[in-house]
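Peer 1: Could you have a look at this structure, given as structure tokens, before my questions?
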Amino acid sequence: MADTTVADGEVQVRIWGARGSVACPGPQTVRYGGNTACVEVRCGSRVLVFDGGTGIRGLGNALAAEEPGEIDVYLTHFHLDHVAGLPFFEAAYRAGNRVRFHAARLNAEIGLRDILCRMMSPPLFPIPIDEFRAEVSFNEFDAGDVLRPKDGSRLETRLLNHPGGACGYRLVVGERVIAYVTDTEHEPGRPDAAVLALMQDADVAIYDATYTDAEFETHRGWGHSTWSEGIRLADAAGVGTLVLFHHDPSHDDAAMDKIALDAATARPGTMVAREGLVLLP
């Protein structure tokens, strides 16, 4: 199991799942991983989790081996690749943990708890949400709100351009800034003001880079962006380290290697998210 200890005052970012759309494990995706979106941020002993894709299962297993604690899970939206791992999040089944789920109000007709209850009910899933043994709460906010996690950090939110909506996050911990901006489609030639606000002067910006430029042309309206647009935004916003994220499941390791090389050539220091990647902003 990976070492998850973080000293007080330190911040650590760990990628548990970097894929978009659907999990794609197999021999062709070993280096970058096949699990869908899940990113853990440790602020000392505090645990913040961004998205609950299939990658959250590994995180939950790691947390279950630790002393019980407080865990905040922030969801961007409810498409399956971002919530499919939640029924398998072991930390939520462990008594003594306090798990707070958070999501923006993207649908006026159904709330966060009801959405998760529907997912964890027959015929989709055999174990109801009431089987969670942790102290669980469900918290909703409006995209654009500024949240105050209990560790004293600041979490800014913005609505992203995605079918059905999605929420981007800007985490400010002391002097360090981490942007988590995934499931957003750019308009060519017009930088997205909401995305720029989230990424401004970020030490680390995790950005939706699902497509190459050529692929984007045949996927207009699908709600995703490109690595080249990520570089343009990172340059405009003064980002320290850009991390490309939400990889298309059709991109095997060889394709990802080429994207990594091209992106790092275009903007030195750019990284491609892979499972197990640890960043210390």
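The values are calculated or read from the model by the stated rules, or taken from the named source; none is laboratory data. Note that this is a predicted model, so its numbers are computed, not measured. A quick note on method: Cβ atoms are made from the backbone with ideal geometry, for glycine too, and the neighbour counts reach across all protein chains shown.
Peer 1: Only residues in the stretch 10-28 that are free of Cβ contacts under 8 Å to residues at least 40 places away in the same chain count as the first member; pair them with residues that are in a loop (DSSP other than H, G, I, E, B) and basic (Lys, Arg), Cβ under 6 angstrom, at least 6 apart or cross-chain, and list the lot.
Peer 2: Going by the 6 Å Cβ cut-off, there are no qualifying pairs.
Peer 1: Check Leu124, Leu155, Leu171, Leu198 and return the single one that is modelled with pLDDT of 95 or more, hydrophobic (A, V, I, L, M, F, W, C) and in contact with a helix residue (DSSP H, G or I) (Cβ under 8 Å, 6 or more places away or on another chain).
Peer 2: Leu124
Peer 1: Another one. From the list Asp51, Asp72, which residue is in contact with a His (Cβ under 9 Å, 6 or more places away or on another chain), closer than 23 Å to Asp253 by Cβ and either basic (Lys, Arg) or modelled with pLDDT of 95 or more (or both)?
Peer 2: Asp51
Peer 1: Also, quick follow-up: Could you list, in sequence order, the residues of the stretch 83-127 that are within 27 Å of Asp145 (Cβ to Cβ) and among the charged types (D, E, K, R)?
Peer 2: Residues satisfying the conditions are Arg98, Arg100, Arg105, Glu109, Arg113, Asp114, Arg118.
Peer 1: When the stretch 149-178 is examined, which residues are found to be polar (S, T, N, Q) and closer than 13 Å to Met199 by Cα?
Peer 2: Selection gives Thr157 alone.
Peer 1: Condition check: touching a strand residue (DSSP E or B) at 6+ places or on another chain (Cβ under 8 Å), more than 20 Å from Thr184 (Cβ to Cβ) and in contact (Cβ under 8 Å) with a residue 12 or more places away in the chain. Does Leu280 satisfy that? Even if it seems obvious, please write down each step before you answer.
Peer 2: Details: touching a strand residue (DSSP E or B) at 6+ places or on another chain (Cβ under 8 Å): yes; more than 20 Å from Thr184 (Cβ to Cβ): yes; in contact (Cβ under 8 Å) with a residue 12 or more places away in the chain: yes.
So Leu280 fits the description; yes.
Peer 1: While we're on this one: For the list (1) without any contact (Cβ under 8 Å) to a residue 40 or more places away in the chain; (2) over 17 Å from the mean Cα position of the chain (by Cα), I need the number of the one condition that Leu244 fails.
Peer 2: Single failed check for Leu244: (2).
Peer 1: Just checking, which of Gly52, Gly20, Gly58, Gly44 is in contact with a strand residue (DSSP E or B) (Cβ under 9 Å, 6 or more places away or on another chain) and under 24 Å from Thr226 (Cβ atoms)?
Peer 2: That would be Gly20, the only listed residue that is in contact with a strand residue (DSSP E or B) (Cβ under 9 Å, 6 or more places away or on another chain) and under 24 Å from Thr226 (Cβ atoms).
Peer 1: Cβ-Cβ below 6 Å, separation at least six or inter-chain, first residue in the stretch 149-165 and under 28 Å from Gly221 (Cα atoms) and in a strand (DSSP E or B), second basic (Lys, Arg) and at pLDDT 95 or above: which pairs?
Peer 2: Glu156/Arg170
Peer 1: Under 6 Å between Cβ atoms, which residue pairs at least 6 apart in sequence (or on different chains) link something in the stretch 209-227 that is more than 20 Å from Arg267 (Cα to Cα) and in contact (Cβ under 8 Å) with a residue 40 or more places away in the chain with a partner that is surrounded by 23 or more Cβ atoms within 10 Å (Cβ to Cβ) and β-branched (Val, Ile, Thr)?
Peer 2: Short answer, once both residue conditions are applied: His224/Thr210.
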